[in-house]
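The values are calculated or read from the model by the stated rules, or taken from the named source; none is laboratory data. None of the values given here were measured: they were computed from a predicted structure. Virtual Cβ from ideal backbone geometry, glycine too; neighbours counted across all protein chains shown. We work out accessible area using only protein heavy atoms, side chains counted, and drop any ligands, DNA or RNA first. Shrake-Rupley method; radii C 1.70, N 1.55, O 1.52, S 1.80 Å.
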Amino acid sequence: MPTVSVGRDRLFAALGRTYTQEEFEEVCFSFGIELDDVTTEKAIIRKEKHLDDDAVDEDEEVIYKIEVPANRYDLLCLEGLAQALRVFSREEEVPTYKLANISKESMIKMHVKPETSSIRPHVVCAVLRGVTFTEASYNSFIDLQDKLHQNICRRRTLVAIGTHDLDTLQAPFTYEALPSSSINFVPLKQVKNFRADELMEFYRSDLKLKKFLHIIENSPVFPVLYDNNRTVLSLPPIINGAHSAITLKTKNVFIECTATDLTKAKIVLNTIVTAFSAYCERKFEIEPIEVIYSDGKSYIYPDLSIYNMDVSLSYVNGTIGVSLEAEEVTDLLNRMQLRAEQSLSGDITVFVPPTRSDILHPCDVMEIAMDGFTEVLTFILGSWRENFAMLNRKDDKSKAVVVGNPRSSDFELVRSSLMPGVLKTVGHNKDHPKPIKIFEVGDIALLDEKKDVGASNRRQLAALFCGASSGFELIHGLVDRVMESIGAAFVPIGDDSGYFIKPSDEPEFLPRRQASIIYKGKNIGTFGIVHPGVLNNFDIPDPCSFVELNIESLL
């Protein structure tokens, strides 16, 4: 799960108020993120250098490390995070992003040559005009690109981002694919001119860039972007040109994203321009670019259109198992930056903005509307003790994927269940008002001799209810709602046409208060009342019911 490091004081300034650490943890919990660590910049450096000096200078800037959902790309920088929290706290309305009102004839053009189709066929572009950078916002701009490259861009294999000082370039631009020996330019942070093939050799010793060389090095042509003067903007996905490097003094930023996946390229572009258009002279306004292909087709980017989604109120209430009024649902959605209105039919119309690429289906809206249910994302790596001993389980060496040379005992193996992380979350929030209702969708890893790597990932769903009324029938009802939502019928034991439950004997649950879920003849999960000994191990004083099942089996 991505972690965003932000300066506490700068974050609080952006939020318009200060919080105690406990107050901010409560805000994070309510919103669905987690304050993972509180540290300082110097402490981070000391840790990286394995220094033992733990003394903290009172003047050191406090850094908050905040875990955010993996598909919330809009939360990967301070700007997006602060805006989301301000909207959630009802301190501002959802921003309206708009394209600059210029004619198609006046737009900057990006011409795409047909040769690019053999290596990185797509490019999307935009301009941020009248930007005012501070040192902090400039660093945040660079850091967001790094985080996107590591996340949705899949280490630049799917998308590569280039940002340039537009005032150093001459439009129109071209996106081409040429033999490496015919590309010459001065790369970023260098003063010498390199041919592209020479540059590939030069970067083999570069710790950061050498890991991207494999993406294009064996191709007969390399992707390259030029301006009208044949000045190289970038050699994606490796390096930008030095000529158009942005600085603190840059006022007009040209952004280009080359890609093998057009959908992800558009998401990446929207993420950057929506977050940093807040610093433009005309706030939240982005200048569009026309991308013209060799076949004559042209497209305008970025695509900031808002699309509508009609969601049945009965679907929301039926799926989450509670009865909410339309006004309650619309309020919850508005707080999550989804403008929502009650339609004449009594259902809800949701207007999905360009920042919320994670909203694809009414079930995504339903998750947000879950009254009291909070999605959590926990660490994939964990300790042997949490994965086995604290769950009353024995390690038969047949399941757990062990990490070689772990940095600490907290990261000894890859989790084989979502249960330890969910219970740890409750244990760290045991003083939170009850009931606590949380769920997680995430991967586990199990040893698998049939796989080349010796292990396989499995996507799981886990949910927990913690409170005085946490009984077997409650979690059983949740299982029934999940199975009903996929159209699975409850059938007699032994009937493989639907699902049924049968007694189980798992040590992490109370005896005779647990059951296995059998779907189409396969055991896909277990639910029940968590054993008091397990709760004690995780320092949880209240009863808990829990379910975990393999959702890949439901698809």
Could you list the residues of the range 324-341 with an amide nitrogen less than 20 Å from a label point located 7 Å from the Cα of PHE284 in the Cα-to-C-beta direction?
330-341
Tell me the net charge near ASN523. Cut-off is 14 Å between Cβ atoms, ASN523 excluded, with +1 for each Lys or Arg and -1 for each Asp or Glu.
-1
Nearest 10 degrees, 0 to 90: what angle lies between the long axis of helix 326-335 and the longest principal axis of the chain (Cα atoms)?
50 degrees
Suppose R0 equals 41 Å. What FRET efficiency, 1/(1 + (r/R0)^6) with r the Cβ-Cβ distance, do LEU381 and PHE490 give to the nearest 0.05?
0.65
Length gained when the stretch LYS450-SER497 is fully extended (0.36 nm per residue, less Cα-Cα span):
14.1 nm
Compute the acute angle (0 to 90°) between the alpha-carbon long axis of helix 135-150 and the principal axis of greatest extent of the alpha-carbon atoms of the chain; round to the nearest 10°.
70 degrees
As I understand it, the value is the acute angle between the Cα axis of helix 419-428 and the longest principal axis of the Cα atoms of the chain; what does it come to in degrees, rounded to 10?
90 degrees
Can you give the net charge of the other residues whose Cβ lies under 13 Å from the Cβ of TYR293, counting K and R as +1 and D and E as -1?
-1
Can you pull the accessible area of THR132 for me, 1.4 Å probe, Å² to the nearest 10?
80 Å²
Please calculate how many Å² of accessible area the chain carries per residue, with a 1.4 Å probe and no DNA, RNA or ligand atoms counted.
48 Å²
Heavy-atom accessible area with a 1.4 angstrom probe orders TYR138, TYR175, most exposed first, as TYR138, TYR175
Percentage of Cα-Cα pair distances in the chain greater than 41 Å, rounded to whole percent?
32 percent
If each DSSP helix of 4+ residues adds -39,500 (n - 2.57) and the sum is divided by the residues in the chain, what number results at 222 nm, nearest 500 deg cm²/dmol?
-7000 deg cm²/dmol
Accessible area of the chain belonging to carbon and sulfur atoms, whole % at 1.4 Å probe
49 percent
What's the local net charge at ARG513, with K and R +1, D and E -1, over the other residues with C-beta under 13 Å away?
-3
